[in-house]
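S.K.: Take this structure first; my questions come after.
Taken together, the values in this text are just the output of simple stated rules run on the coordinates, not laboratory data. All values derive from a computational prediction rather than experimental measurement.
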Amino acid sequence: MKSEQIKEITEKATEQLVAALNAGRSEVLAGYLKAIGRFHRYSFHNVLLIASQNPNASYVAGFRTWNQLGRFVKKGEKGIVILAPIVRRKPENEEEREEALASVAGFRAAYVFDVSQTDGQELPQIGIVQGDPREYRERLRSFADAQGISVEYSSEIAPARGTSSGGRVTLLPGQSPAEELSTLAHELAHELLHRGDRRVSTSRRIRETEAEATAFVVCHAIGLETGSAACDYIRLWNGDAQLLTESLGYVRQAASKMLTSLTDA
C-alpha cells in the first residue's frame, strides 16, 4: 500500500470523527474512547479505523486466527480494514549478518473481523476483565510502583479527589473502590503525559481533559461505569482535527500502559 493511500485512509477516519463532533454527536467520541480501551494494543490509527467501520466491534482477529480458535467468518461478512506493518529483515552489521534485525519497511491493508461476524466454538469472555474493582485498584498501584510513582493518602487535599506532583500521587481517603481506581488512573495519566515538555506546551484544561479521558478508557475497559469527557473534548478542540488526533493519541498511549498492566497481571 502506498503512503498516499495510507494517509487517505487515516485522514478519512479522523475527518469522520471531527465531523461527528462538530455536529454535536458526543456519543461518537465516547465510542472511540471505549474502542481505545477494547483495542489498547492496536495503534491509534488502527483504533480509528476499527471504530469508524464498526463502532460496536468488541474483539477482532484475522480470518486464519478465527479458524485456529474454532470459529469461522460468516458468509458475506465484510472485513474491517486495518494497517499491518510490512516487516523486512536485514543484517544489523557486517559481523552479525545471521543475527537479522526486523524492521518495518511500510504498511499494507489487512482485514480483520469482529467476533459478531463469526460462528463456531464458544469463546471465553475475551477482552473483558472480570472481578471486583479493588483487585484492579491494587494492580494499578503496583503499576505506579513499577513506574517509580508513590501513592499516598491525605484528607488535606479535599475537596480534590486526587493530586499528582511529579513522582507522587495523593488520593483522598474514603472513596469507593471504583472511584479510587478512576482517580488513580486520572492522576497516573498526568504523571505519564504531563511531566515533560507537554506540561509547558499544554494548558491546564487540556491536561485535565486528557487525564479524565484516560480514566474513562481504563474504567470502561475493566467494566466500570464512569462519566464521559466527550463534551469537554468537543469544546476543547473546536473541530481542529490535528490537535484532536494528537490528543487522543496521547490518551491511548497512557491508557494502553495501564491496561496492559491490569490485564497481564
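S.K.: Please turn the phi angles of region 61-76 into ³J(HN,Hα) values with the Karplus equation 6.51 cos²θ - 1.76 cosθ + 1.60 (θ = phi - 60°), one per residue in order, whole Hz, x for glycine and proline.
M.R.: 7, x, 4, 5, 4, 4, 4, 5, 8, x, 10, 9, 5, 5, 4, x
S.K.: Also, I was wondering about something else. Name the residues whose placed amide hydrogens come within less than 5 Å of the amide hydrogen of SER58, ignoring near sequence neighbours (fewer than 5 apart) on the same chain.
M.R.: Amide H neighbours of SER58, under 5 Å, 5+ apart: VAL115, SER116.
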